[in-house]
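Below: the structure, in structure tokens.
The values are calculated or read from the model by the stated rules, or taken from the named source; none is laboratory data. Worth saying up front: this structure is predicted, and the values here are computed from it rather than measured. Just the protein is used for accessible areas: all its heavy atoms, side chains included, with ligands, DNA and RNA removed. Shrake-Rupley method; radii C 1.70, N 1.55, O 1.52, S 1.80 Å.
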Amino acid sequence: MMIDGRLVSGETPRRMRGRLRFALALLALVSAVLNPVHADDGIHQVLFVGNSFSFYNNGLHNHYRQLHREAFPDEKARTRLRAFSGARLDEHTGLADVLAAEPWDIVVLQGHSRGPLDGFKRFEQAAVSHAETIRDAGARPVLFQTWAYTDKPEMTDALAQGYGKVGRTIDAEVVPVGFAFAAAGEARPDLALRTSDRKHPTLAGTYLSACVFFAAVTGTSPEGLNYTGGLSADDAEFLQGIAWKTVHRQSR
């Protein structure tokens with residue numbers, strides 16, 4: 001807030017503008033979440049489709065499954081991952097054959113880290129095509145909003161807007177992993193979520209992604225679960241809380 005030309009809010013104008021952009025991007029993403037996903041829907045079979053962002057650290061799908069099995073021991077959660085290094089959505093050809101081989105409840109679509117930014121039309125057309133294929137197979141498409149590079153934080157808002165727009169186009173949920181990365185990085189800059197290449201997830205980044213998906217798919221907080229993915233109990237507890245707060249804020 002400015003009084004007599006003096007800033008009295010404790011924030012710089014640049015930081016305030018950054019928060020405003022973040023809030024607007026979050027609003028755009030929330031409007032893309034048309035049908036929140038919940039465990040009550042009987043969703044126990046999840047296929048992840050993506051690239052190295054999903055297969056690092058023994059696979060996002062494995063960490064998600066461990067969280068699900070601990071929280072719901074009577075349910076037989078089944079997950080698999082179909083990933084190619086550096087793949088863009090349109091490079092996942094043959095998805096119809098994969099879906100015809102066995103049943104899935106949800107199919108998660110994770111695009112290239114800059115997919116919505118470096119060729120939005122290509123990204124959108126691939127998502128539209130895959131969504132039709134997924135629904136024809138009796139499953140639900142879900143979009144994986146990826147995170148910004150360490151040295152390019154402005155990517156968070158841009159990616160959220162791109163995924164949000166496509167989510168509205170194909171009437172699909174958008175899981176806000178990128179927003180969770182941004183929130184965790186602001187709260188705990190000491191906890192590395194990306195490797196030294198500034199892009200790929202560390203174990204903490206993959207675990208955070210799994211917690212966000214767990215919260216979004218089941219509608220249940222991962223807070224208090226004993227599965228830490230190999231992280232310290234304190235770090236896992238922190239990431240569980242960030243995941244739940246991010247998804248809960250989105251679904252309000």
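If you take the Cα centroid of the range 69-96 and the Cα centroid of the range 131-166, the two points sit 15 Å apart.
Full extension from PHE120 to ALA233: what is 0.36 nm times the residue separation minus their Cα-Cα distance, to one decimal in nm?
Residue separation times 0.36 nm, minus the Cα-Cα distance, leaves 36.7 nm.
For ARG188 and ASP151, the difference between the fully extended length at 0.36 nm per residue and the C-alpha to C-alpha distance is 11.7 nm. In order along the range 190-207, the phi-based Karplus estimate (6.51 cos²θ - 1.76 cosθ + 1.60, θ = phi - 60°) of 3J(HN,Hα) comes to 6, 9, 6, 9, 10, 6, 5, 7, 6, 10, 6, x, 6, 4, 5, x, 5, 5 Hz; Gly and Pro are listed as x. Here's how it looks for GLN45: its modeled amide H is under 5 Å from those of ARG78, ASP105, ILE106, which are all 5 or more places away or on a different chain.
By its C-alpha gyration tensor, with a ≥ b ≥ c as the square roots of the eigenvalues, how is the range 139-252 shaped: rounded for a/c under 1.5, else prolate for a/b larger than b/c, else oblate? In terms of gyration-tensor shape, oblate. Expressed as a whole percent, the accessible area of the range 114-252 that falls on carbon and sulfur atoms is 48 (1.4 Å probe). When a/c is below 1.5 the answer is rounded, else prolate if a/b is larger than b/c, else oblate, so apply that to the range 47-194 with a ≥ b ≥ c taken from the square roots of the Cα gyration tensor eigenvalues. Verdict is oblate for the range 47-194. Full extension of the chain between SER85 and GLU70 gives 2.4 nm of extra length, using 0.36 nm per residue less the Cα-Cα distance. Report, ordered by chain and residue number, the aspartates and glutamates lying within cross-link reach of LYS199, taken as a straight Cα distance under 13 Å and ignoring same-chain residues fewer than 8 apart. Output for LYS199: ASP151.
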